[in-house]
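Just below is one structure, and these are the notes that go with it.
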Amino acid sequence: MSDTHIEHSYVPYSHKPRTCVVESNSGKFYSGVRIENISYPLTIPAVQAACAICLSEGDIPSKLYLNDHEYEQLNFWQKEFELELIYEDDLPTYNADDLFKTDPHIHASVKLKELLQRAVVPNSDFPVSALLFTQNGYFEGVNIEVSDWTRGLCAERIALAKAITAGITEFERLEIHTRKGQVSSPCGACRQVITEFMPISKLILHHADHTTSEHFMNDLLPFNFTSDSLR
Ligand code: THU
């Protein structure tokens, strides 16, 4: 789980893998890969994944390393953060291990509350946190909002994007928290994206009133869209 691996892209529909690396203004590197969805418009482009992951770590994107000439959303993210674009065949080395946490004593509800501080929510003032567990560790996610509302990403999808970029696709459970609102519950778009990777996994929802509820993904998105006839 080191370096940037274009083969971690999830591109079963287009077969067009993409990866890129963001350098933050504090000098750290964050990679992103293209993550497609059977509902094509829910695809997370590599540039969005890398920039959103950087922001979710409390960092600001500054430079973007690219090794291809076609990237979705490139113009938007370049303008949003005045990114310097650097085209190189060999992208900077990136260690995905940094974002995979293995603390065996993690207390999910405490961690989820702490994480809310990292959410970037200038539009909604509605922070959300997520923990995506594998057998040996977990990935953290918070929601990210940018000037264009349609380019932000939910906490659940940020955690998933980190994992896929790191080459991890086997998950045990997802835990989600919001401290406002009636319930913590993944939005429809997140349900669609999560289902593609963990259709039978457990979700633990930590509600604002300190109660929790447990669900299975396939109960939260019954009769979901599927087709073997997509081009
Ligand atoms: N949000 C999440 O992060 N996850 C969800 O499942 C629900 C919505 C975020 C997106 C946006 O930043 C804010 O909450 C309001 O929609």
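Backbone phi angles across the range 29-45, fed through the Karplus curve with coefficients 6.51, -1.76 and 1.60 (θ = phi - 60°), yield HN-Hα couplings of 10, 9, 9, x, 10, 6, 10, 7, 9, 4, 8, 3, x, 8, 4, 9, x Hz in residue order; Gly and Pro are listed as x.
Each Lys and Arg contributes +1 and each Asp and Glu -1, all at the Cβ; summed about the Cα centre of the chain, the dipole is approximately 620 debye.
By DSSP, the beta bridges lying fully in the chain are antiparallel in about 70 percent of cases.
When only alpha carbons are used to place a centre, the range 58-84 and the range 90-156 end up 20 Å from one another. Fewest neighbouring Cβ atoms within 10 Å first, the residues ASP148, ASP90 line up as ASP90, ASP148.
DSSP finds beta bridges in the range 99-220, and of those with both partners inside it, around 75 percent are antiparallel. In the structure shown, the pairs LYS63/LYS113; LYS28/LYS111; LYS111/LYS162; LYS16/LYS79; LYS28/LYS101; LYS113/LYS180 are assessed against 21 Å; a Cα-Cα span above that value is assigned to LYS63/LYS113; LYS28/LYS111; LYS16/LYS79.
Residue-normalised convex hull volume from the C-alpha trace of the range 95-231: 133 Å³ per residue.
The residue among SER201, ALA155, SER185 whose Cα reaches farthest toward the positive pole of the charge dipole of the chain, with charges on the beta-carbon of Lys, Arg, Asp and Glu, is SER185.
Over all pairs of different C-alpha atoms in the range 4-95, the reciprocal of the mean inverse distance, the Kirkwood hydrodynamic radius, equals 13.0 Å.
Positive end of the dipole of the chain (Cβ unit charges, origin at the Cα centre): among TYR10, VAL120, PHE100, the Cα lying farthest that way belongs to VAL120.
Taking every Cα-Cα distance in the range 135-189 and sorting them into 10 Å bins from zero, the calculated P(r) comes out as 20, 50, 26, 4 percent. As a proxy for reagent exposure, ranking GLU88, GLU23 by other Cβ atoms within 10 Å from fewest up yields GLU88, GLU23. Please figure out what share of the DSSP beta bridges in the range 2-94 is antiparallel and state it in percent, rounded to the nearest 5. The antiparallel fraction comes to roughly 70 percent. Modelled spin labels at GLU172 and GLU88, positioned 7 Å past Cα toward Cβ, are 3.7 nm from each other.
Across all directions, the average flat footprint of the convex hull enclosing the Cα atoms of the chain is 12.3 nm².
In the elastic network of the chain, a GNM with C-alpha springs shorter than 10 Å, the most mobile of GLN192, GLN48, GLN117 is GLN117.
Each value in this text was obtained by applying a stated rule to the coordinates, not by laboratory testing. Not measured: the values here are computed from a predicted model. Virtual Cβ from ideal backbone geometry, glycine too; neighbours counted across all protein chains shown.
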